[in-house]
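One structure is given below, encoded as structure tokens.
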Amino acid sequence: MKINSILFLVVVFIATLSFSQEATLVEDQNPNYKESMSKYQQIDSTYILTQGSTKQETYVAIDPLEERRQLRSLRRKHRANRLLWRHQERMELARNGIPYNNNDCYYNNCGNSNWWNYNNILTYGSLGLLGYYIFR
Amino acid sequence: MRKKLIILSLIISGAVAFNSCSRKITRVATDSQIDISGRWNDTDSRLAAEELTDEIIYGDWLTDFIQKHGRKPVIIVGLVRNKSHEHIEAETFIKDIEKAFIRKQKARVVAGGKMREELRAERADQQTNASVSTMKKFGLESGADYMLQGNINSIVDAHKREKVVYYQVDLELTDIQSNEKVWIGDKKIKKFVKN
């Protein structure tokens, strides 16, 4: 019984000690500091990882000469890549076929141009010659 | 005679052509001023480093701190925002400031950012792999007193083939405990570029 009561007092003493430690504030410290502390402890570590680095938040300055230079450079790049792009386009068309709804007259026969078709000229021409030699 | 003249002229023109086609590289002093495009270059970074280092090291904030606490302050480098119109790396002049602090023993500098993560990862690895006598403990890092942060801004005024570019590099030292700014330094550079 005596040992139990002593044990109980020791437990109560330790409990009050731990509570008092949690409640100790430095002079002038805001008692709501835990709210802020828990918020910033959970925050993403991206703020910490960017320390010592430079964040590039650049803007584009108004400079007509620079714009002209960039346009010139873009034109040169396009000129240099045009052959490759056209080749890639042809390869895509060969792989996937001419698109159904494509109104592009470059790849499709938009007009009625069968009369000057090379194969037809050969067929009719040879038939004509054959007829000539048979019936002359 | 004519044949010899032709051969000689061919040799000379060949030599001239060969020399003009080859690339010339010369090593120059790191503090020599060479401006080519008019953009931010190493000379600008060096000027910013020199002025900002002098201003921060001989600032009153340092003596005030030492008088108040009786020890050197601990500084960590934070984020520098480049809000100018060009790509600028602040590390080229921030590193000079850190070096000056350490060389002159005016303040202590602690690692931050990704370098600190790497150190912590190494420390964690030592807990399992290093011997007990050599492994380093967690929870014993030096907390920084001040954080060095900054901004880089620019203003461009261009018309036809002339351009005036103004850069301003601002650095601030802030007390991490109280958010108080104890020092602000800046370096202004203005350039006139004619094409």
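No other residue among A:E22, A:E67, A:E57 is out of contact with any Lys or Arg (no Cβ under 6 Å at 6 or more places or on another chain), acidic (D, E) and at pLDDT 90 or above apart from A:E67. Close Cβ contacts (under 6 Å, 6 or more residues apart or on different chains) running from residues in region A:33-52 that are farther than 20 Å from B:I75 by Cα to residues that are surrounded by fewer than 11 Cβ atoms within 10 Å (Cβ to Cβ) are absent. Of the candidates B:D125, B:D157, the single residue that is open to solvent by 40 Å² or more (accessible area, probe 1.4 Å) and assigned to a strand (DSSP E or B) is B:D157. Just for region B:30-46: of the residues that are touching a Phe, Trp or Tyr at 6+ places or on another chain (Cβ under 9 Å), part of a helix (DSSP H, G or I) and not small (G, A, S), which one is least open to solvent (accessible area, probe 1.4 Å)? For region B:30-46, the residue satisfying everything is B:D44. Between a first residue in region B:133-152 that is in contact (Cβ under 8 Å) with a residue 12 or more places away in the chain and a second residue that is small (G, A, S), which pairs have beta carbons less than 6 Å apart while being 6 or more apart in sequence or on different chains? Sorted first by the residue in region B:133-152, then by its partner, the pairs are B:M147/B:G78; B:Q149/B:G78; B:I152/B:S84. Taking region B:47-63 as the range and being open to solvent by 90 Å² or more (accessible area, probe 1.4 Å) and of a type in the set (D, E, K, R) as the test, the residues that pass are B:E50, B:D60.
Picking from residues in region A:49-66 that are open to solvent by less than 60 Å² (accessible area, probe 1.4 Å) and β-branched (V, I, T), the one that is farthest from B:E98 (Cα to Cα) is A:T50.
When region B:172-190 is filtered for residues that are buried (at least 18 other Cβ atoms within 10 Å of the Cβ), touching a helix residue (DSSP H, G or I) at 6+ places or on another chain (Cβ under 6 Å) and either without any contact (Cβ under 8 Å) to a residue 60 or more places away in the chain or not basic (K, R) (or both), the ones remaining, listed by number, are B:V182, B:G185.
Residue check: is B:G113 open to solvent by less than 100 Å² (accessible area, probe 1.4 Å), at pLDDT below 95 and within 14 Å of chain A (Cβ to nearest Cβ)?
yes
B:S84 fulfils the conditions (1) polar (S, T, N, Q); (2) within 14 Å of chain A (Cβ to nearest Cβ); (3) closer than 18 Å to B:L173 by Cα except for a single criterion, (3). When B:N82 is tested against (1) among the polar types (S, T, N, Q); (2) in a helix (DSSP H, G or I); (3) within 19 Å of A:Q51 (Cβ to Cβ), exactly one condition is not met: (2).
Of all residues in region A:48-87, those satisfying the criterion of being in contact with a helix residue (DSSP H, G or I) (Cβ under 8 Å, 6 or more places away or on another chain) and either away from chain B (no Cβ under 14 Å) or of a type in the set (G, A, S) (or both) are A:G52, A:S53.
The values are calculated or read from the model by the stated rules, or taken from the named source; none is laboratory data. Source: prediction; values computed, not measured. Neighbour counts run over all protein chains shown; Cβ positions are idealised from the backbone, glycine included. With ligands, DNA and RNA removed, areas are computed over all heavy atoms of the protein, side chains included. Shrake-Rupley method; radii C 1.70, N 1.55, O 1.52, S 1.80 Å.
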